[in-house]
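J.: Sharing a structure below in structure tokens format, with a few things to ask.
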Amino acid sequence: MGRIVLDNVTKSFGETQVIPPLNLTIEDGEFAVFVGPSGCGKSTLLRMIAGLEDLTSGNIAIDDKVVTEVPPSKRGLAMVFQSYALYPHMTVRKNIGFPLRMEKMSQAEIDKRVETAAKSLNLTDYLDRKPGQLSGGQRQRVAIGRAIVRDPSAFLFDEPLSNLDAALRVGMRLEISEMHERMQTTMIYVTHDQVEAMTMADKIVVLQAGVIEQVGTPLDLYNKPQNLFVAGFIGSPRMNFTEGEEARKRGAHTIGIRPEHIDVVASGGVWNGKVGVAEHLGSDTFLHVHDTGLAETITVRAPGEVTMKYGDRISLAPREDLIHRFDAQGLRIG
Amino acid sequence: MSDRRLPRLLQTPAVLLLLVWMLVPLSMTLFFSFIRYVLNNTIRPEWTTPSLSNWRGFGNYEFVLNSKDFVLAIQNSLLIVCSILFLTVIFGVLIAVLINKSFPGQGIVRVLLISPFFVMPAVNAVLWINMILDPVLGLQGIAVAGINGIVDNLQTMPVLGGFFSLWPDFAPISFRATQTSAYAVIMMVTWQWTPFAVLIFMTSLQSEDQQQKEAAILDGAGLWSQFRFLTLPHLGRPIAIVVMIQAIFHLSLYAEIEIVSRGNGNKNLPYLIGEFANNNIGAASATGIFAVILANIVAIFLLRMIGKTLME
Ligand SMILES: Nc1ncnc2c1ncn2[C@@H]1O[C@H](COP(=O)(O)OP(=O)(O)OP(=O)(O)O)[C@@H](O)[C@H]1O
Ligand SMILES: [Mg+2]
């Protein structure tokens, strides 16, 4: 229960159109991630689904029922905000129980549900604290708890992890993924972190300036980016692009090759250049290679520890079958 | 701790000044409250100079406690302060919540709302008692006369006239009278100080977290629940501040009481002190000490109640 269909929805703030006509279907139980650069309209789209933002035109349907005119609380969705939006004057227990209290549920039932939610989120020890006395990760969990107790047909997350430090973010990412596996409820998750998108999503929706650039599974997007924007956005470090002679030789306007698809060879590679900065991550080494005859610096991801240093000569062999080709409009060829 | 010596030394003048500032008047009041000291007495001219030889012990206090105005003054002080606090907080919250929404002409409305606060208290009292509350010439008199006129007209109507002739004639209320003058003071001070409350609550409302509101909307909270569970707790601290500041100010109301009824039936402690001070400085000082005690009781009470909110 939780199939969400956006049918030609648009949104304008005054004169400026933030979302041009947009169609999208999110299947029941799917984990959909909206990614895109800052200001591309991810939050706006999510808020439109939640009902916090009116549509300028178009329709939204949940489980085949048009909800465009339905008030937010009646849509059966729960949202987790970036700033957590906990109620500062209530204890954790009251915070989590608030939606149930608004539904006029009996106190006994509320207590039972809050206890269950708190247990599943490791919050039992903190139930009588106020949000101000919790760490960032705990606050995040309370916000999730408040969403869970309502038993919604879909969860909406707006960059829920961006206020957490890196280590905690990885942990929470796993917890949310596990929660999804366990509950099998539809989730829509907004982020501008493509690692979050790749690791969590069943389906990624890449947005740019309110337009859907591509929809697909993480590996679809990685292996077959439909255009230059998606190719550049998905993958870390970023895909290398070059135009001109090298592209023309391969029958394209622009070609792209991911850093991990370039091998470092002793000699006789396609591109020869000088090592610039080498970034050692331990598991991998990112080499930034200059003076290859291409206009751009090329990033190479070499596995393991590489002993190359600044100024060393290097020879590179791209794996020809993994080169992505794009036409003059930036669309994928083949 | 020798490194503390210099800062201490530098603080000394300020501390000394403060001590002198507070202690000298207080000890003089204490001293006067224990002696016979009047401004004018032809029979006992020695009482007109403050001196230890006129020692009266607790005589002044007894005199004040036994004077019929004292209990009235305490009651009135509390009645006036509490009513004004209650009304300004209620009106303040309501108005602040209303004008916090954006609407055309918002700027002008806000300026108009704040303006009563810039009227001098004495002017405020004169305007209210003469132009608004006066039973004949004020708005009240005109309104009551108007209503009576309408009722008179309705009584001549064919069918319903019988019903309206059962209505009594409305009589305007004189707010200078013994029983009502305190209410006049409460009204005019509430009018003047509500803007102060509105101003403080409005600033606080503007810092309210909008995402919390949105979360509450999604959680199914209606307008009333949002107000009750989010806005009101958010306003806890500003309400505490408004109550504290106003309690301090209104315990010392004077001009309004003087203008409305010259203390006729409506005295508070400062007014009583003023009356005694016309001649009997000893009794005035004793009343002053009572006022200090009352203010301290109120302050402790407020701090207990409000301090917790502020410390959170
Ligand atoms: N209330 C508003 N009035 C006018 N313009 C708005 C409003 N809200 C958002 N916008 C504009 O809409 C666009 C999309 O905003 P949105 O918040 O959806 O971006 P986002 O993708 O969530 O970005 P971020 O990753 O930074 O959160 C932005 O250009 C923003 O300036
Ligand atoms: Mg956003």
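J.: Could you work out which residue, out of B:Ile108, B:Ile245, B:Ile132, moves most in a Gaussian network model of chain B, that is, has the largest mean-square fluctuation with Cα springs under 10 Å?
T.: Among B:Ile108, B:Ile245, B:Ile132, the largest mean-square fluctuation in the Gaussian network model of chain B belongs to B:Ile108.
J.: At 15 Å minimum axial length over the Cα atoms and a Kyte-Doolittle cut of 0.0, report the qualifying DSSP H helices in chain B, or say none.
T.: Qualifying helices, which must be both long enough and hydrophobic enough, are B:5-33, B:68-100, B:139-155, B:181-206, B:236-250, B:281-311.
J.: In whole Å, how far is the Cα centre of region A:119-190 from that of region B:283-299?
T.: After rounding, the separation between the Cα centres reads 57 Å.
J.: Net charge near A:Gly137: determine it from the other residues with C-beta under 10 Å of the C-beta of A:Gly137, scoring Lys and Arg +1 and Asp and Glu -1.
T.: +1
J.: Quick one: order B:Thr49, A:Thr242 from most to least accessible surface, probe 1.4 Å.
T.: The ranking, largest first, comes out as B:Thr49, A:Thr242.
J.: Would you mind counting up the charge near A:Asp202? Only other residues with Cβ under 12 Å from its Cβ, with Lys and Arg at +1 and Asp and Glu at -1.
T.: Here the charged neighbours net out to -4.
J.: When a/c reaches 1.5 or more, the comparison of a/b and b/c decides; with that in mind, is region B:68-158 rounded, prolate or oblate per its Cα gyration tensor?
T.: Oblate, because a/c is 1.5 or more while a/b does not exceed b/c.
J.: Which of the lysines could a cross-linker span from A:Lys130 if the Cα-Cα distance has to be under 16 Å and same-chain partners fewer than 8 positions apart are dropped?
T.: Partners within reach: A:Lys94, B:Lys308.
J.: Accessible area lost on pairing B with A, both sides, 1.4 Å probe, Å² to nearest 100?
T.: Buried area between the two chains comes out at roughly 1700 Å².
J.: Ranked by accessible surface with a 1.4 Å probe, highest first, in what order do A:Tyr84, B:Tyr254, A:Tyr126 come?
T.: B:Tyr254, A:Tyr126, A:Tyr84
J.: List the relative contact order of chain B as a percent without decimals, with contacts defined as Cα pairs under 8 Å and 6+ residues apart.
T.: Worked out over chain B, it gives 29 percent.
J.: Given the C-alpha centroids of region B:94-142 and region A:210-278, what is the distance between them in whole angstrom?
T.: Going from one Cα centre to the other spans 71 Å.
J.: For region A:238-326, what is the accessible area per residue in Å² when the probe is 1.4 Å?
T.: Per residue, region A:238-326 has 52 Å² of solvent-accessible surface.
J.: Rounded to the nearest percent, how much of the accessible area of chain B (1.4 Å probe, protein heavy atoms only) is carbon and sulfur?
T.: Using a 1.4 Å probe with all protein chains present, chain B comes out at 72 percent carbon and sulfur.
J.: Which of the lysines could be linked to B:Lys68 by a straight reach, that is with a Cα gap under 17 Å, when you skip same-chain ones fewer than 8 residues away?
T.: Partners within reach: B:Lys267.
J.: For region A:173-214, just list the percent of Cα-Cα distances falling in each 10 Å bin from zero outward, please.
T.: Once binned at 10 Å, the Cα pair distances of region A:173-214 give 25, 54, 19, 2.
J.: log₁₀ I(q)/I(0) of region B:152-283 at q = 0.11, 0.17, 0.21 Å⁻¹, via Debye over equal Cα point scatterers, no solvent, to two decimals?
T.: -0.73, -0.92, -1.17
J.: How many angstrom separate the Cα center of region A:8-67 from the Cα center of region A:315-334?
T.: 33
J.: Checking the cross-link filter: which lysines have an alpha carbon closer than 19 Å to that of A:Lys65, excluding same-chain neighbours under 8 positions apart?
T.: A:Lys74
J.: Also, quick follow-up: Determine the equivalent ellipsoid of region A:238-326 by diagonalising the alpha-carbon gyration tensor, then write out the semi-axes as square roots of 5 times the eigenvalues, largest first, rounded to whole Å.
T.: 22, 13, 11
J.: Given the options B:Met244, B:Met22, B:Met202, state which has the largest fluctuation in a GNM of chain B using a 10 Å cut-off (strictly under) for Cα springs.
T.: Of the options given, B:Met22 has the highest mean-square fluctuation.
J.: How would region A:159-258 be classified by its alpha-carbon gyration tensor: rounded, prolate or oblate, with rounded meaning a/c under 1.5 and the a/b versus b/c comparison settling the rest?
T.: Verdict is prolate for region A:159-258.
J.: Please identify, among B:Gln11, B:Gln211, B:Gln192, the residue showing maximal mean-square fluctuation in a Gaussian network model of chain B using a 10 angstrom Cα cutoff.
T.: B:Gln11
J.: Treating each Cα of chain A as an identical point scatterer and ignoring solvent, apply the Debye formula and state log10 I(q)/I(0) at q = 0.06, 0.15, 0.16 Å⁻¹.
T.: -0.28, -1.18, -1.27
J.: What value in Å³ per residue do you get for the convex hull of the alpha-carbon atoms in region B:106-211?
T.: Dividing the Cα hull volume of region B:106-211 by its residue count gives 192 Å³.
J.: Which order do B:Leu39, A:Leu123 take when ranked by solvent-accessible area (1.4 Å probe, heavy atoms of all protein chains), largest first?
T.: Listed by decreasing accessible area, they come as B:Leu39, A:Leu123.
J.: Restrict the search to region A:96-166; then list the trypsin sites (Lys or Arg not before Pro) that DSSP places in a loop and that have at most 11 other Cβ atoms within 10 Å of their Cβ.
T.: A:Lys104
J.: Okay, moving on. Which shape class, rounded, prolate or oblate, goes with chain B when its Cα gyration tensor gives a ≥ b ≥ c as root eigenvalues, a/c under 1.5 marks rounded, and past that a/b bigger than b/c marks prolate?
T.: It comes out oblate by the Cα gyration axes.
J.: Counting other C-beta atoms within 10 Å, and keeping those with at most 16, which DSSP coil trypsin sites (Lys or Arg not before Pro) do you find in region A:168-266?
T.: Hits after loop and neighbour filter: A:Arg238, A:Arg250.
J.: What span do the alpha-carbon atoms of region A:10-80 cover on each of the three principal axes, reported in whole Å from largest to smallest?
T.: Projected onto the principal axes, the Cα atoms of region A:10-80 cover 31, 25, 22 Å.
J.: Return the percentage of antiparallel bridges among DSSP beta bridges fully within the protein assembly as shown, rounded to the nearest 5 %.
T.: 75
J.: Over the residues of the protein assembly as shown, compute the C-alpha Rg and express it relative to 2.2 N^0.38 Å.
T.: 1.48
J.: Here is a further query. If I ignore ligands, DNA and RNA and count only protein heavy atoms, how much of B:Ser261 is accessible to a 1.4 Å probe, in Å² to the nearest 10?
T.: 10
J.: First select every other residue whose beta carbon is under 10 angstrom from the beta carbon of B:Ile129; then total the charges, Lys and Arg +1, Asp and Glu -1.
T.: Local net charge: -1.
J.: While we're looking at this one, here's another question. Given the whole protein assembly as supplied and a 1.4 Å probe, what does the accessible area of A:Ile62 come to in Å², nearest 10?
T.: Taking all protein chains as shown, A:Ile62 has close to 10 Å².
J.: How much accessible area does A:Val215 have with a 1.4 Å probe, in Å² rounded to the nearest 10?
T.: For A:Val215, solvent-accessible area is about 60 Å².
The values are calculated or read from the model by the stated rules, or taken from the named source; none is laboratory data. Everything quoted here is computed from the prediction, not taken from an experiment. Neighbour counts run over all protein chains shown; Cβ positions are idealised from the backbone, glycine included. What goes into the accessible areas is simple: the full protein's heavy atoms, side chains included, and nothing from ligands, DNA or RNA. Shrake-Rupley method; radii C 1.70, N 1.55, O 1.52, S 1.80 Å.
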